[in-house]
Amino acid sequence: MNEDEKWMTLAVEQAKKAEEHGEVPVGAVLVKDGLLVAKAHNQPISTNDPTAHAEIQLLRIAGKKLANYRLTNTSLYVTLEPCAMCFGAMVHARIDRIVYGAHDPKTGVCGSSTDLRNLNCFKHQINITGGILQHDCSQILHTFFKLRR
């Protein structure tokens, strides 16, 4: 298992935690210098907060823990390709790298639905790797939505 798979496995655990609470199963972890900084999962339903995606929750926790809104030299692992809101927050936080599992053809903005990586309005560029543990990440979502239909 390589480093990306190792950290994505922790993000998958967070996705399962979201599912246990009736949330869409998306999980995320933030890593700096090979160490776990924070972990989070989707919570919009339980918090009645449409911005409480796993990534946003993660950025909030990490910012407090590191006492800085700039999260430079970090990698954010998330089980589902980020949406526009989350991607924008990651740019503003100066995340160095996004690693995601499942592609999201409906709302993913790292190349699936659209690609926001090279827009001139963003002054910070993020390195992006997709498809890490893609099957595992996709399966959790597929099973979750299948049970609700």
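Residue under question is Asp96, and the condition is that it be buried (at least 16 other Cβ atoms within 10 Å of the Cβ) and in contact with a helix residue (DSSP H, G or I) (Cβ under 6 Å, 6 or more places away or on another chain); does it hold?
Judged against the criteria, Asp96 is not a match.
Filter the range 2-58 down to residues that are more than 23 Å from Arg148 (Cα to Cα), among the acidic types (Asp, Glu) and part of a loop (DSSP other than H, G, I, E, B), then give me how many there are.
Number of matching residues: 1.
Name the single residue that is surrounded by the fewest Cβ atoms within 10 Å (Cβ to Cβ) among those in the range 36-86 being aliphatic (A, V, I, L, M) and touching a residue at least 40 places away in the same chain (Cβ under 8 Å).
Only one residue fits best here, namely Leu71.
Take Val12 and decide whether it is touching a helix residue (DSSP H, G or I) at 6+ places or on another chain (Cβ under 6 Å) and either surrounded by fewer than 22 Cβ atoms within 10 Å (Cβ to Cβ) or in contact (Cβ under 8 Å) with a residue 60 or more places away in the chain (or both).
It is true that Val12 is touching a helix residue (DSSP H, G or I) at 6+ places or on another chain (Cβ under 6 Å) and either surrounded by fewer than 22 Cβ atoms within 10 Å (Cβ to Cβ) or in contact (Cβ under 8 Å) with a residue 60 or more places away in the chain (or both).
What about Ala89, is it open to solvent by 10 Å² or more (accessible area, probe 1.4 Å) and within 24 Å of Pro105 (Cα to Cα)?
Yes: the conditions hold for Ala89.
Do you know which of the residues in the range 105-144 that are modelled with pLDDT of 85 or more and of a type in the set (A, V, I, L, M) is nearest to His92 (Cα to Cα)?
Among them, the one singled out is Ile126.
Of the residues Leu147, Leu66, which is at pLDDT 95 or above and within 21 Å of His41 (Cβ to Cβ)?
So the residue among Leu147, Leu66 that is at pLDDT 95 or above and within 21 Å of His41 (Cβ to Cβ) is Leu66.
The values are calculated or read from the model by the stated rules, or taken from the named source; none is laboratory data. Since we're looking at a predicted model, the values are computed, not measured. Positions of Cβ are generated from backbone atoms using ideal geometry, with glycine treated the same way; all protein chains shown enter the neighbour counts. Heads up: the accessible areas ignore ligands, DNA and RNA and are worked out on the full protein's heavy atoms, side chains in. Shrake-Rupley method; radii C 1.70, N 1.55, O 1.52, S 1.80 Å.
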